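Quick notes on the structure that follows.
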Amino acid sequence: CPSTKQYFAREYDCYGDSYFVNTDLTQLKEVFSGIKNPH
Amino acid sequence: MERKISRICLVSKPNVTHFLQVSWEKSLESGFVITLTDGQSAWIGTVSESEIGQEADDMAMEKEKYVGELRKALVSGAGTGDAYKFDFSEGDCCFSCEKNLKDVSFRLGSFNLEKVANPAEVIRELLCYCLDNIAENQAKNEHLQKENERLLRDWNDVQGRFEKCVSAKEDLETDLYKRFILVLNEKKSKIRSLHKLLNEVQELEKNIERER
Amino acid sequence: MERKISRICLVSKPNVTHFLQVSWEKSLESGFVITLTDGQSAWIGTVSESEIGQEADDMAMEKEKYVGELRKALVSGAGTGDAYKFDFSEGDCCFSCEKNLKDVSFRLGSFNLEKVANPAEVIRELLCYCLDNIAENQAKNEHLQKENERLLRDWNDVQGRFEKCVSAKEDLETDLYKRFILVLNEKKSKIRSLHKLLNEVQELEKNIERER
(Lines give C-alpha, C1' and ligand atoms only; values in the text may rest on other atoms or scores of the structure.)
Protein backbone atom coordinates (compact mmCIF):
# COMPACT_ATOMS: atom_id res chain seq x y z
CA CYS A 1 0.00 0.00 0.00
CA PRO A 2 1.12 3.63 -0.44
CA SER A 3 2.18 4.04 3.21
CA THR A 4 4.33 0.89 3.10
CA LYS A 5 5.83 2.06 -0.17
CA GLN A 6 6.55 5.42 1.39
CA TYR A 7 8.10 3.76 4.44
CA PHE A 8 10.48 1.60 2.36
CA ALA A 9 11.39 4.54 0.12
CA ARG A 10 12.33 6.47 3.25
CA GLU A 11 14.28 3.64 4.85
CA TYR A 12 15.91 1.86 1.89
CA ASP A 13 17.53 2.80 -1.37
CA CYS A 14 16.42 1.30 -4.68
CA TYR A 15 18.89 -1.56 -4.25
CA GLY A 16 17.51 -2.60 -0.89
CA ASP A 17 20.32 -1.10 1.22
CA SER A 18 19.21 0.70 4.38
CA TYR A 19 19.97 4.43 4.61
CA PHE A 20 20.22 4.33 8.33
CA VAL A 21 21.28 0.87 9.52
CA ASN A 22 24.94 -0.05 9.17
CA THR A 23 25.65 -2.81 6.71
CA ASP A 24 27.80 -5.91 7.11
CA LEU A 25 29.36 -8.47 4.78
CA THR A 26 26.30 -10.70 4.50
CA GLN A 27 23.90 -7.83 3.92
CA LEU A 28 26.11 -6.06 1.43
CA LYS A 29 26.65 -9.30 -0.53
CA GLU A 30 22.88 -9.73 -0.65
CA VAL A 31 22.40 -6.14 -1.87
CA PHE A 32 25.07 -6.60 -4.57
CA SER A 33 23.64 -9.93 -5.72
CA GLY A 34 20.28 -8.23 -6.17
CA ILE A 35 21.73 -5.73 -8.66
CA LYS A 36 20.89 -7.31 -11.99
CA ASN A 37 22.91 -5.19 -14.38
CA PRO A 38 25.58 -3.03 -12.73
CA HIS A 39 26.85 -1.87 -16.12
CA MET B 1 66.79 -45.93 -45.85
CA GLU B 2 64.83 -47.75 -43.18
CA ARG B 3 65.77 -50.99 -41.59
CA LYS B 4 64.79 -53.36 -38.87
CA ILE B 5 66.88 -56.09 -37.26
CA SER B 6 65.18 -58.89 -35.38
CA ARG B 7 66.09 -62.13 -33.72
CA ILE B 8 64.55 -65.21 -35.28
CA CYS B 9 64.72 -68.94 -34.83
CA LEU B 10 65.00 -71.25 -37.79
CA VAL B 11 62.94 -74.40 -37.74
CA SER B 12 65.94 -76.43 -38.91
CA LYS B 13 68.32 -74.89 -36.29
CA PRO B 14 66.15 -74.03 -33.28
CA ASN B 15 69.11 -73.74 -30.88
CA VAL B 16 70.99 -71.12 -32.84
CA THR B 17 69.72 -67.56 -32.74
CA HIS B 18 69.75 -65.95 -36.13
CA PHE B 19 69.45 -62.29 -37.00
CA LEU B 20 67.28 -60.98 -39.78
CA GLN B 21 67.73 -57.51 -41.16
CA VAL B 22 65.15 -56.10 -43.56
CA SER B 23 65.96 -52.78 -45.20
CA TRP B 24 64.00 -50.72 -47.67
CA GLU B 25 64.11 -47.32 -49.35
CA LYS B 26 60.68 -45.74 -49.79
CA SER B 27 58.33 -48.45 -48.65
CA LEU B 28 58.41 -52.17 -48.06
CA GLU B 29 56.28 -52.82 -51.12
CA SER B 30 58.78 -51.10 -53.42
CA GLY B 31 61.19 -53.87 -52.61
CA PHE B 32 63.55 -54.71 -49.79
CA VAL B 33 66.84 -56.34 -48.95
CA ILE B 34 67.02 -59.30 -46.58
CA THR B 35 70.19 -60.00 -44.63
CA LEU B 36 70.46 -63.13 -42.55
CA THR B 37 73.32 -64.00 -40.22
CA ASP B 38 74.10 -66.49 -37.48
CA GLY B 39 77.03 -64.46 -36.19
CA GLN B 40 79.44 -66.36 -38.38
CA SER B 41 78.06 -66.52 -41.92
CA ALA B 42 75.81 -64.09 -43.71
CA TRP B 43 73.42 -64.22 -46.64
CA ILE B 44 71.85 -61.37 -48.57
CA GLY B 45 68.96 -61.22 -50.99
CA THR B 46 66.98 -58.53 -52.74
CA VAL B 47 63.25 -58.87 -53.15
CA SER B 48 61.95 -56.62 -55.90
CA GLU B 49 58.60 -54.93 -56.20
CA SER B 50 57.56 -57.26 -58.99
CA GLU B 51 58.54 -60.35 -56.97
CA ILE B 52 56.36 -59.07 -54.14
CA GLY B 53 53.53 -58.57 -56.60
CA GLN B 54 54.07 -62.07 -57.96
CA GLU B 55 53.98 -63.66 -54.50
CA ALA B 56 50.78 -61.77 -53.71
CA ASP B 57 49.20 -63.00 -56.94
CA ASP B 58 50.33 -66.58 -56.27
CA MET B 59 48.58 -66.36 -52.92
CA ALA B 60 45.50 -64.73 -54.46
CA MET B 61 45.98 -61.92 -51.94
CA GLU B 62 45.73 -58.18 -52.50
CA LYS B 63 49.22 -56.74 -52.75
CA GLU B 64 48.60 -54.28 -49.93
CA LYS B 65 47.36 -57.02 -47.64
CA TYR B 66 50.29 -59.25 -48.56
CA VAL B 67 52.80 -56.48 -47.81
CA GLY B 68 51.03 -55.95 -44.48
CA GLU B 69 51.53 -59.61 -43.65
CA LEU B 70 55.19 -59.42 -44.67
CA ARG B 71 55.61 -56.35 -42.48
CA LYS B 72 54.12 -58.14 -39.49
CA ALA B 73 56.34 -61.16 -40.05
CA LEU B 74 59.65 -59.55 -40.96
CA VAL B 75 59.62 -56.04 -39.58
CA SER B 76 57.22 -55.50 -36.70
CA GLY B 77 58.90 -57.87 -34.30
CA ALA B 78 55.91 -60.18 -34.28
CA GLY B 79 58.21 -62.71 -35.83
CA THR B 80 59.75 -63.40 -32.45
CA GLY B 81 56.59 -65.05 -31.16
CA ASP B 82 54.93 -68.23 -32.35
CA ALA B 83 52.89 -66.53 -35.01
CA TYR B 84 55.46 -67.13 -37.71
CA LYS B 85 57.87 -69.88 -38.70
CA PHE B 86 61.15 -69.15 -40.43
CA ASP B 87 63.54 -71.47 -42.13
CA PHE B 88 66.65 -71.26 -44.21
CA SER B 89 68.08 -73.97 -46.37
CA GLU B 90 71.82 -73.41 -46.71
CA GLY B 91 71.94 -75.79 -49.67
CA ASP B 92 69.77 -73.71 -51.95
CA CYS B 93 70.12 -70.49 -49.91
CA CYS B 94 66.38 -70.19 -49.68
CA PHE B 95 64.81 -68.24 -46.81
CA SER B 96 61.18 -69.03 -46.16
CA CYS B 97 58.51 -67.64 -43.92
CA GLU B 98 55.21 -69.23 -42.87
CA LYS B 99 52.34 -67.84 -40.91
CA ASN B 100 50.84 -70.03 -38.20
CA LEU B 101 47.09 -70.04 -37.85
CA LYS B 102 45.19 -72.29 -35.40
CA ASP B 103 45.99 -75.71 -36.80
CA VAL B 104 47.35 -74.65 -40.13
CA SER B 105 50.30 -72.70 -41.39
CA PHE B 106 50.50 -71.12 -44.78
CA ARG B 107 53.54 -70.08 -46.75
CA LEU B 108 54.02 -66.33 -46.65
CA GLY B 109 57.01 -66.15 -48.93
CA SER B 110 60.33 -67.66 -49.87
CA PHE B 111 63.26 -65.59 -50.93
CA ASN B 112 66.53 -66.52 -52.56
CA LEU B 113 69.61 -65.30 -50.76
CA GLU B 114 73.29 -65.42 -51.66
CA LYS B 115 76.08 -66.27 -49.29
CA VAL B 116 78.24 -63.25 -48.52
CA ALA B 117 81.97 -63.71 -49.20
CA ASN B 118 82.96 -61.42 -46.32
CA PRO B 119 80.43 -62.01 -43.52
CA ALA B 120 82.59 -60.15 -40.99
CA GLU B 121 81.92 -56.91 -42.86
CA VAL B 122 78.15 -57.53 -42.73
CA ILE B 123 78.33 -58.36 -39.03
CA ARG B 124 80.42 -55.26 -38.30
CA GLU B 125 77.91 -53.15 -40.18
CA LEU B 126 75.05 -54.63 -38.15
CA LEU B 127 76.88 -53.95 -34.89
CA CYS B 128 77.71 -50.41 -35.99
CA TYR B 129 74.05 -49.76 -36.85
CA CYS B 130 72.98 -51.15 -33.48
CA LEU B 131 75.49 -49.03 -31.57
CA ASP B 132 74.46 -45.90 -33.50
CA ASN B 133 70.81 -46.68 -32.80
CA ILE B 134 71.53 -47.19 -29.09
CA ALA B 135 73.46 -43.91 -28.88
CA GLU B 136 70.74 -42.05 -30.80
CA ASN B 137 67.97 -43.39 -28.59
CA GLN B 138 69.93 -42.69 -25.44
CA ALA B 139 70.48 -39.10 -26.55
CA LYS B 140 66.78 -38.81 -27.46
CA ASN B 141 65.81 -40.23 -24.06
CA GLU B 142 68.09 -37.84 -22.24
CA HIS B 143 66.60 -34.98 -24.19
CA LEU B 144 63.04 -36.14 -23.44
CA GLN B 145 63.94 -36.63 -19.80
CA LYS B 146 65.23 -33.06 -19.61
CA GLU B 147 62.14 -31.82 -21.46
CA ASN B 148 59.94 -33.66 -18.99
CA GLU B 149 61.79 -32.18 -16.05
CA ARG B 150 61.44 -28.73 -17.55
CA LEU B 151 57.72 -29.25 -18.22
CA LEU B 152 57.22 -30.46 -14.67
CA ARG B 153 59.02 -27.39 -13.33
CA ASP B 154 56.92 -25.17 -15.59
CA TRP B 155 53.74 -26.92 -14.48
CA ASN B 156 54.69 -26.48 -10.82
CA ASP B 157 55.42 -22.83 -11.51
CA VAL B 158 52.10 -22.13 -13.20
CA GLN B 159 50.24 -24.23 -10.64
CA GLY B 160 51.84 -22.10 -7.91
CA ARG B 161 50.87 -18.92 -9.68
CA PHE B 162 47.34 -20.23 -10.22
CA GLU B 163 46.98 -21.05 -6.54
CA LYS B 164 48.32 -17.60 -5.65
CA CYS B 165 45.85 -16.02 -8.05
CA VAL B 166 42.92 -17.93 -6.52
CA SER B 167 44.07 -16.83 -3.10
CA ALA B 168 44.63 -13.23 -4.25
CA LYS B 169 41.13 -13.18 -5.79
CA GLU B 170 39.60 -14.31 -2.51
CA ASP B 171 41.67 -11.73 -0.59
CA LEU B 172 40.67 -9.01 -3.06
CA GLU B 173 37.00 -9.77 -2.58
CA THR B 174 37.34 -9.76 1.21
CA ASP B 175 39.37 -6.55 1.14
CA LEU B 176 37.00 -4.71 -1.18
CA TYR B 177 33.93 -5.64 0.84
CA LYS B 178 35.66 -4.44 4.02
CA ARG B 179 36.40 -1.07 2.44
CA PHE B 180 32.94 -0.75 0.90
CA ILE B 181 31.33 -1.50 4.26
CA LEU B 182 33.49 1.15 5.99
CA VAL B 183 32.65 3.83 3.41
CA LEU B 184 28.94 3.00 3.26
CA ASN B 185 28.61 2.92 7.04
CA GLU B 186 30.30 6.34 7.24
CA LYS B 187 27.72 7.67 4.80
CA LYS B 188 24.91 6.07 6.82
CA SER B 189 26.27 7.67 9.96
CA LYS B 190 26.16 11.01 8.14
CA ILE B 191 22.59 10.31 7.04
CA ARG B 192 21.57 9.45 10.59
CA SER B 193 23.15 12.69 11.91
CA LEU B 194 21.49 14.79 9.23
CA HIS B 195 18.16 13.08 9.82
CA LYS B 196 18.42 13.68 13.57
CA LEU B 197 19.30 17.34 12.99
CA LEU B 198 16.41 17.75 10.57
CA ASN B 199 14.02 16.21 13.07
CA GLU B 200 15.30 18.56 15.78
CA VAL B 201 14.96 21.62 13.56
CA GLN B 202 11.48 20.58 12.48
CA GLU B 203 10.53 19.95 16.11
CA LEU B 204 11.88 23.37 17.08
CA GLU B 205 9.90 25.03 14.32
CA LYS B 206 6.75 23.25 15.40
CA ASN B 207 7.28 24.52 18.95
CA ILE B 208 7.80 28.07 17.71
CA GLU B 209 4.63 27.81 15.60
CA ARG B 210 2.75 26.50 18.61
CA GLU B 211 3.97 29.39 20.75
CA ARG B 212 2.91 31.82 18.10
CA MET C 1 75.87 -56.84 -14.46
CA GLU C 2 76.77 -53.69 -16.32
CA ARG C 3 78.36 -53.52 -19.71
CA LYS C 4 79.31 -51.12 -22.42
CA ILE C 5 80.08 -51.86 -26.06
CA SER C 6 82.03 -49.38 -28.11
CA ARG C 7 83.57 -49.15 -31.53
CA ILE C 8 87.34 -48.79 -31.55
CA CYS C 9 90.14 -48.65 -34.08
CA LEU C 10 93.31 -50.60 -33.60
CA VAL C 11 96.56 -48.89 -34.46
CA SER C 12 97.74 -52.01 -36.31
CA LYS C 13 94.47 -52.40 -38.28
CA PRO C 14 93.04 -48.89 -38.74
CA ASN C 15 90.68 -49.89 -41.56
CA VAL C 16 88.84 -52.57 -39.66
CA THR C 17 86.32 -51.49 -37.06
CA HIS C 18 86.62 -53.51 -33.89
CA PHE C 19 84.14 -53.78 -31.05
CA LEU C 20 85.13 -53.64 -27.43
CA GLN C 21 82.80 -54.83 -24.72
CA VAL C 22 83.65 -54.14 -21.08
CA SER C 23 81.45 -55.77 -18.46
CA TRP C 24 81.60 -55.66 -14.69
CA GLU C 25 79.57 -56.76 -11.69
CA LYS C 26 79.65 -54.25 -8.84
CA SER C 27 82.11 -51.64 -10.02
CA LEU C 28 84.84 -51.35 -12.61
CA GLU C 29 87.52 -51.40 -9.94
CA SER C 30 86.34 -54.79 -8.62
CA GLY C 31 87.42 -56.24 -11.93
CA PHE C 32 85.99 -56.50 -15.40
CA VAL C 33 85.82 -58.67 -18.48
CA ILE C 34 87.05 -57.43 -21.85
CA THR C 35 85.64 -58.85 -25.05
CA LEU C 36 87.10 -57.84 -28.37
CA THR C 37 85.75 -58.80 -31.78
CA ASP C 38 86.20 -57.82 -35.39
CA GLY C 39 82.95 -59.45 -36.46
CA GLN C 40 84.74 -62.69 -37.28
CA SER C 41 87.00 -63.63 -34.38
CA ALA C 42 86.62 -62.85 -30.71
CA TRP C 43 88.93 -62.64 -27.72
CA ILE C 44 88.05 -62.51 -24.04
CA GLY C 45 90.04 -61.58 -20.98
CA THR C 46 89.33 -61.01 -17.32
CA VAL C 47 91.04 -58.21 -15.44
CA SER C 48 90.94 -58.80 -11.71
CA GLU C 49 90.82 -56.26 -8.91
CA SER C 50 94.41 -57.07 -7.93
CA GLU C 51 95.65 -56.66 -11.50
CA ILE C 52 93.99 -53.24 -11.59
CA GLY C 53 95.67 -52.38 -8.32
CA GLN C 54 99.00 -53.60 -9.69
CA GLU C 55 98.70 -51.50 -12.85
CA ALA C 56 97.85 -48.44 -10.76
CA ASP C 57 100.92 -49.06 -8.57
CA ASP C 58 103.13 -49.56 -11.62
CA MET C 59 101.96 -46.20 -12.87
CA ALA C 60 102.40 -44.61 -9.44
CA MET C 61 98.78 -43.53 -9.71
CA GLU C 62 96.08 -43.66 -7.05
CA LYS C 63 93.83 -46.67 -7.73
CA GLU C 64 90.69 -44.49 -7.89
CA LYS C 65 92.30 -42.14 -10.38
CA TYR C 66 93.56 -45.05 -12.48
CA VAL C 67 90.10 -46.65 -12.59
CA GLY C 68 88.71 -43.27 -13.61
CA GLU C 69 91.13 -43.17 -16.52
CA LEU C 70 90.22 -46.74 -17.50
CA ARG C 71 86.55 -45.81 -17.36
CA LYS C 72 87.10 -42.85 -19.64
CA ALA C 73 89.08 -44.95 -22.10
CA LEU C 74 87.08 -48.16 -22.17
CA VAL C 75 83.57 -47.35 -21.02
CA SER C 76 82.62 -43.73 -21.46
CA GLY C 77 82.84 -43.69 -25.22
CA ALA C 78 85.72 -41.23 -25.13
CA GLY C 79 87.74 -44.02 -26.68
CA THR C 80 86.20 -43.28 -30.06
CA GLY C 81 87.99 -39.95 -30.31
CA ASP C 82 91.70 -39.29 -30.59
CA ALA C 83 92.27 -39.19 -26.87
CA TYR C 84 93.14 -42.86 -26.67
CA LYS C 85 95.04 -45.38 -28.80
CA PHE C 86 94.15 -49.04 -28.79
CA ASP C 87 96.03 -51.97 -30.16
CA PHE C 88 95.81 -55.71 -30.17
CA SER C 89 98.54 -58.11 -31.01
CA GLU C 90 96.99 -61.35 -32.25
CA GLY C 91 100.24 -63.18 -31.71
CA ASP C 92 100.40 -62.75 -27.96
CA CYS C 93 96.69 -61.86 -27.61
CA CYS C 94 97.59 -58.68 -25.79
CA PHE C 95 95.17 -55.74 -25.80
CA SER C 96 96.73 -52.41 -24.96
CA CYS C 97 95.44 -48.95 -24.35
CA GLU C 98 97.37 -45.65 -24.40
CA LYS C 99 96.26 -42.18 -23.47
CA ASN C 100 97.31 -39.36 -25.80
CA LEU C 101 98.42 -36.15 -24.23
CA LYS C 102 99.76 -33.16 -26.20
CA ASP C 103 102.94 -34.61 -27.63
CA VAL C 104 103.20 -37.66 -25.52
CA SER C 105 101.17 -40.80 -24.99
CA PHE C 106 101.40 -42.96 -21.94
CA ARG C 107 100.46 -46.58 -21.51
CA LEU C 108 97.18 -46.93 -19.63
CA GLY C 109 97.11 -50.68 -19.46
CA SER C 110 97.65 -53.90 -21.31
CA PHE C 111 95.48 -56.92 -20.81
CA ASN C 112 95.91 -60.51 -21.86
CA LEU C 113 93.03 -61.97 -23.80
CA GLU C 114 92.31 -65.47 -25.05
CA LYS C 115 90.96 -66.34 -28.43
CA VAL C 116 87.42 -67.68 -28.21
CA ALA C 117 86.85 -71.07 -29.81
CA ASN C 118 83.29 -70.21 -30.84
CA PRO C 119 83.32 -66.50 -31.83
CA ALA C 120 79.86 -66.80 -33.43
CA GLU C 121 78.34 -67.35 -30.01
CA VAL C 122 80.05 -64.21 -28.65
CA ILE C 123 78.91 -62.21 -31.67
CA ARG C 124 75.35 -63.48 -31.34
CA GLU C 125 75.37 -62.53 -27.68
CA LEU C 126 76.58 -59.02 -28.53
CA LEU C 127 73.86 -58.63 -31.15
CA CYS C 128 71.23 -59.94 -28.74
CA TYR C 129 72.35 -57.47 -26.08
CA CYS C 130 72.25 -54.64 -28.63
CA LEU C 131 68.76 -55.57 -29.82
CA ASP C 132 67.48 -55.82 -26.24
CA ASN C 133 69.02 -52.45 -25.49
CA ILE C 134 67.43 -50.92 -28.59
CA ALA C 135 64.01 -52.33 -27.68
CA GLU C 136 64.37 -51.11 -24.09
CA ASN C 137 65.39 -47.64 -25.21
CA GLN C 138 62.53 -47.48 -27.69
CA ALA C 139 60.04 -48.48 -25.00
CA LYS C 140 61.52 -45.88 -22.64
CA ASN C 141 61.40 -43.37 -25.44
CA GLU C 142 57.71 -44.05 -26.10
CA HIS C 143 56.96 -43.84 -22.40
CA LEU C 144 58.85 -40.54 -22.07
CA GLN C 145 57.13 -39.21 -25.17
CA LYS C 146 53.70 -40.03 -23.68
CA GLU C 147 54.73 -38.47 -20.38
CA ASN C 148 55.92 -35.45 -22.28
CA GLU C 149 52.58 -35.10 -24.05
CA ARG C 150 50.68 -35.55 -20.79
CA LEU C 151 52.80 -32.93 -19.03
CA LEU C 152 52.27 -30.53 -21.91
CA ARG C 153 48.51 -31.09 -21.75
CA ASP C 154 48.57 -30.58 -17.99
CA TRP C 155 50.62 -27.42 -18.38
CA ASN C 156 48.21 -26.06 -21.00
CA ASP C 157 45.31 -26.91 -18.73
CA VAL C 158 46.69 -25.18 -15.66
CA GLN C 159 47.93 -22.24 -17.77
CA GLY C 160 44.38 -21.85 -19.12
CA ARG C 161 42.95 -21.95 -15.61
CA PHE C 162 45.54 -19.42 -14.43
CA GLU C 163 44.68 -17.03 -17.25
CA LYS C 164 40.97 -17.45 -16.50
CA CYS C 165 41.65 -16.73 -12.84
CA VAL C 166 43.59 -13.54 -13.67
CA SER C 167 40.77 -12.44 -15.93
CA ALA C 168 38.13 -13.39 -13.36
CA LYS C 169 40.00 -11.43 -10.68
CA GLU C 170 40.03 -8.32 -12.87
CA ASP C 171 36.35 -8.79 -13.73
CA LEU C 172 35.49 -9.27 -10.07
CA GLU C 173 37.18 -6.02 -9.08
CA THR C 174 35.47 -4.09 -11.86
CA ASP C 175 32.10 -5.65 -11.09
CA LEU C 176 32.25 -5.05 -7.34
CA TYR C 177 33.35 -1.46 -7.80
CA LYS C 178 30.44 -0.83 -10.18
CA ARG C 179 27.92 -2.22 -7.70
CA PHE C 180 29.53 -0.31 -4.86
CA ILE C 181 29.36 2.95 -6.78
CA LEU C 182 25.65 2.49 -7.47
CA VAL C 183 24.87 1.87 -3.80
CA LEU C 184 27.22 4.64 -2.63
CA ASN C 185 25.64 7.14 -5.02
CA GLU C 186 22.24 6.36 -3.50
CA LYS C 187 23.64 7.32 -0.09
CA LYS C 188 25.19 10.50 -1.46
CA SER C 189 21.93 11.39 -3.13
CA LYS C 190 20.15 10.89 0.19
CA ILE C 191 22.69 13.09 1.96
CA ARG C 192 22.21 15.81 -0.66
CA SER C 193 18.40 15.65 -0.22
CA LEU C 194 18.72 15.87 3.54
CA HIS C 195 21.12 18.85 3.24
CA LYS C 196 18.70 20.57 0.88
CA LEU C 197 15.77 19.91 3.17
CA LEU C 198 17.72 21.08 6.19
CA ASN C 199 18.70 24.27 4.36
CA GLU C 200 15.08 24.92 3.37
CA VAL C 201 13.83 24.38 6.92
CA GLN C 202 16.56 26.58 8.34
CA GLU C 203 15.78 29.26 5.71
CA LEU C 204 12.08 29.06 6.60
CA GLU C 205 12.89 29.45 10.26
CA LYS C 206 15.03 32.47 9.57
CA ASN C 207 12.16 34.08 7.61
CA ILE C 208 9.75 33.39 10.44
CA GLU C 209 12.17 34.90 12.92
CA ARG C 210 12.61 37.91 10.68
CA GLU C 211 8.82 38.39 10.47
CA ARG C 212 8.53 38.13 14.20
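The values are calculated or read from the model by the stated rules, or taken from the named source; none is laboratory data. As the structure is a prediction and not an experimental result, all values here were calculated from the model. Note that we place each Cβ from the backbone using ideal geometry, even for glycine, and neighbour counts take in every protein chain shown.
Before moving on, here are some points about what is shown:
- Check on residue C:74, within 14 Å of chain B (Cβ to nearest Cβ), in contact (Cβ under 8 Å) with a residue 40 or more places away in the chain, touching a strand residue (DSSP E or B) at 6+ places or on another chain (Cβ under 7 Å) and not acidic (Asp, Glu): no
- Within segment C:122-136, being surrounded by fewer than 18 Cβ atoms within 10 Å (Cβ to Cβ) and more than 7 Å from chain B (Cβ to nearest Cβ) holds for C:125, C:129, C:132, C:135, C:136.
- Answer from C:182, C:126 - the residue that is assigned to a helix (DSSP H, G or I), under 30 Å from residue A:37 (Cα atoms) and not hydroxyl-bearing (Ser, Thr, Tyr): C:182
- Residues being within 18 Å of the chain's Cα centre (by Cα) and under 30 Å from residue C:8 (Cα atoms) - total across segment B:135-182: 11
- Qualifying residue in segment B:23-36 (condition: part of a strand (DSSP E or B) and within 14 Å of chain C (Cβ to nearest Cβ)): yes
- Number of the exception - residue C:48 against (1) of a type in the set (Gly, Ala, Ser); (2) over 31 Å from the mean Cα position of the chain (by Cα); (3) under 30 Å from residue B:8 (Cβ atoms): (3)
- When each of C:184, C:204 is tested for being at pLDDT 95 or above, surrounded by 12 or more Cβ atoms within 10 Å (Cβ to Cβ) and not acidic (Asp, Glu), the lone residue that passes is C:184.
- Failed criterion for residue B:117 (all others in (1) part of a helix (DSSP H, G or I); (2) under 21 Å from residue C:127 (Cβ atoms) hold): (1)
- Some residue of segment B:134-146 being of a type in the set (Gly, Ala, Ser), within 30 Å of residue A:30 (Cα to Cα), in a helix (DSSP H, G or I) and out of contact with any Cys (no Cβ under 7 Å at 6 or more places or on another chain): no
- Inter-residue pairs, beta-carbon under 7 Å, first farther than 12 Å from residue C:155 by Cα and in segment B:149-171, second in a helix (DSSP H, G or I) and of a type in the set (Val, Ile, Thr), 6+ apart: B:165/C:166
- Some residue of segment B:137-158 being surrounded by fewer than 18 Cβ atoms within 10 Å (Cβ to Cβ), at pLDDT 95 or above, within 29 Å of residue C:125 (Cα to Cα) and of a type in the set (A, V, I, L, M, F, W, C): yes
- Those residues of segment B:41-69 which are out of contact with any Lys or Arg (no Cβ under 6 Å at 6 or more places or on another chain), not acidic (Asp, Glu) and not in a helix (DSSP H, G or I), in sequence order: B:41, B:42, B:44, B:45, B:46, B:47, B:48, B:59, B:60, B:61
- For segment B:168-212, the set of residues classified as of a type in the set (Gly, Ala, Ser) and more than 10 Å from chain C (Cβ to nearest Cβ) consists of B:189 only.
- Considering residues of chain A that are β-branched (Val, Ile, Thr) and either within 11 Å of chain C (Cβ to nearest Cβ) or under 10 Å from the mean Cα position of the chain (by Cα) (or both) only, the residue surrounded by the most Cβ atoms within 10 Å (Cβ to Cβ): A:31
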